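The values are calculated or read from the model by the stated rules, or taken from the named source; none is laboratory data. Everything quoted here is computed from the prediction, not taken from an experiment. Because the Cβ atoms are built from the backbone with ideal geometry, glycine has one as well, and the counts that use them run over all protein chains shown.
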Amino acid sequence: MRTGGARTLPVEPRQYSPLRLTAPSNPSSATAHQALPLGRAATLAAALSAALSAARSPVLALATALPVVFLHIDYQPAFVVDVGPSVTVTLADLAILAVAAVAAVVAVRTRLRPLRAGLPIWVAAAAFLLFGVVRSRTGTHLVSSLKFSEYAALALAVPLLVRGRAELRLLLWVVTGWAAIASTVGLAQFFGAGIAGGWGAGSRQPSFLGQLDFAALSGLAVSIGLAGLALGTAVVGGRRLVALATAAGALGLVLSASVAGLAGFAAATAAIAVVALRHRRLLVRPRAVALGAVAVALVVAGTLALRGGDLVQFTRFLGLSEQTASTSRDVQTYGQRTVLVWIGWQLFLDHKAVGAGWNASGDPASFEPYVPAAKQRFPGAAPLSFPSREHPWGVQNAYVQALADLGVVGLGLLAALLGAGIWVAARAALRGTAVLGGSLALGWLLVTMGVLAALGLVAGVPADAALWLALGLAAATHRLEPTGDDA
């Protein structure tokens, strides 16, 4: 089996962004984006389908949109709109707009009552997103910040459209089913199937999302499974849902082999375990606890097995073990991330208060002044590890990027947003007013926070959807009425 260390190509999160200012460089991607009549027909058909679904049950609009937002841009029909910078409008954009339209109708009908419990989240989200818009220095950056804000509609939609347990279980089945399909594709790639840009047999795989977004989706699914094992399968939606979510999510986390995703998964597991212990659920489910422990152990072992080579190379990069020729010749994942974080930190030190501007850390004018010093600081790093005009890698860490782009103010607003979500979810889970909803929201949010530590603030990627869905679920916990199994 090949380890992750054999894969030395640098990872550029920006390649996953639906904000395209030029034609795609990937021929297959270009073909998809140039097929405008087919793309527009497909997007209009999807919008019509969502509208018809919403007429029967509003939550169906959200359920229909989830598979689309958890899909790499290269596999979505799209068309280009010229508004100064050329903006690619994808099927995911239209799906989110359809969800927003349905949610707006429900908001008017209910006079915003479902949103009141999530007020701390909405205030923090509005402040962070508005600050990002204000700190957009160019038209390109403004489009990026608006694209990032667009996905926040998913957070508002959850408490408006998920009215109770039946709607929640529908969403959990959709997330689980889509994660199972993603893991099946990833498994085929792992065994050598040349589909969806697989990385070759024995390597970590992107499925149809990209490695980090694959980890985010898988993390949502495995959180469903762990919540079912800890709180009771009947509470979540039955044994089949819990079994499939656990298996698909755990397999996806291993195949994506994201150490950041693994860290988020560990935090989510701990949070769900604390809630279950608080309500004395684990003590009466020894078999479920054992199954959960096996799943956790397999995820940890599988991820470390696939990333063992990268971790060994990182110790060489740090000087903790003897270097080899490949250490400085090839781009090493964690060595490169160290370089990029260092550059982001230097940029922050020169723009402490409000940063260099939304997504400005990826601009050559922002990072180029620090590259010579970075090369002196990290003489053993491969030349391609450093950002350049041809490869503006970005910071690839949401929290350091927030400092570099938005300064102390921006990081504080981001921390307030994430903290508000954790507080609302944890309060509901620990008090017992909504154990299931609170536990799931905590799991989803912590997994996504882990993934963002390796991805950054990239507009329009599936990890954005995971973040806002988690925050929306935290705000919706009060709508998930407790039953005898969840009180």
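Quick look at the numbers
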quantity	calculated
Scan of segment 183-211 for residues that are part of a helix (DSSP H, G or I), of a type in the set (G, A, S) and without any contact (Cβ under 8 Å) to a residue 40 or more places away in the chain, ordered by number	A188
Some residue of segment 113-132 being farther than 27 Å from L418 by Cβ and either touching a residue at least 12 places away in the same chain (Cβ under 8 Å) or of a type outside the set (S, T, Y) (or both)	no
Residue identified as surrounded by 16 or more Cβ atoms within 10 Å (Cβ to Cβ), modelled with pLDDT under 95, over 21 Å from D93 (Cα atoms) and of a type in the set (G, A, S) among G197, G192, G177	G197
Single condition F317 does not satisfy, out of (1) over 23 Å from A398 (Cβ atoms); (2) at pLDDT below 80	(1)
Test: A61 is in a helix (DSSP H, G or I), at pLDDT 90 or above and in contact with a helix residue (DSSP H, G or I) (Cβ under 6 Å, 6 or more places away or on another chain)	yes
Candidate set: segment 208-236, residues that are touching a Phe, Trp or Tyr at 6+ places or on another chain (Cβ under 7 Å), of a type in the set (G, A, S) and at pLDDT 95 or above; chosen: the one nearest to V435 (Cα to Cα)	S223
So L187, is it modelled with pLDDT of 95 or more, surrounded by fewer than 24 Cβ atoms within 10 Å (Cβ to Cβ), out of contact with any Lys or Arg (no Cβ under 7 Å at 6 or more places or on another chain) and closer than 15 Å to L306 by Cα	yes
Candidate set: segment 146-171, residues that are of a type in the set (A, V, I, L, M, F, W, C) and surrounded by fewer than 24 Cβ atoms within 10 Å (Cβ to Cβ); chosen: the one nearest to A470 (Cα to Cα)	A152
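Each row is one residue, and each column tells you yes or no for (1) modelled with pLDDT under 95; (2) farther than 22 Å from W358 by Cα; (3) assigned to a helix (DSSP H, G or I).
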site: R116; (1), (2), (3): yes, yes, yes
site: W122; (1), (2), (3): no, no, yes
site: A125; (1), (2), (3): no, no, yes
site: V133; (1), (2), (3): no, no, yes
site: H141; (1), (2), (3): yes, no, yes
site: K147; (1), (2), (3): yes, no, yes
site: L154; (1), (2), (3): no, no, yes
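Here is a yes/no grid of residues against (1) touching a residue at least 60 places away in the same chain (Cβ under 8 Å); (2) surrounded by fewer than 24 Cβ atoms within 10 Å (Cβ to Cβ); (3) touching a His at 6+ places or on another chain (Cβ under 9 Å); (4) outside any helix (DSSP H, G or I):
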position	(1), (2), (3), (4)
W393	yes, no, no, yes
G407	no, yes, yes, no
R427	no, yes, no, no
G437	yes, no, yes, no
L457	yes, no, no, yes
A463	yes, no, no, no
L471	yes, no, no, no
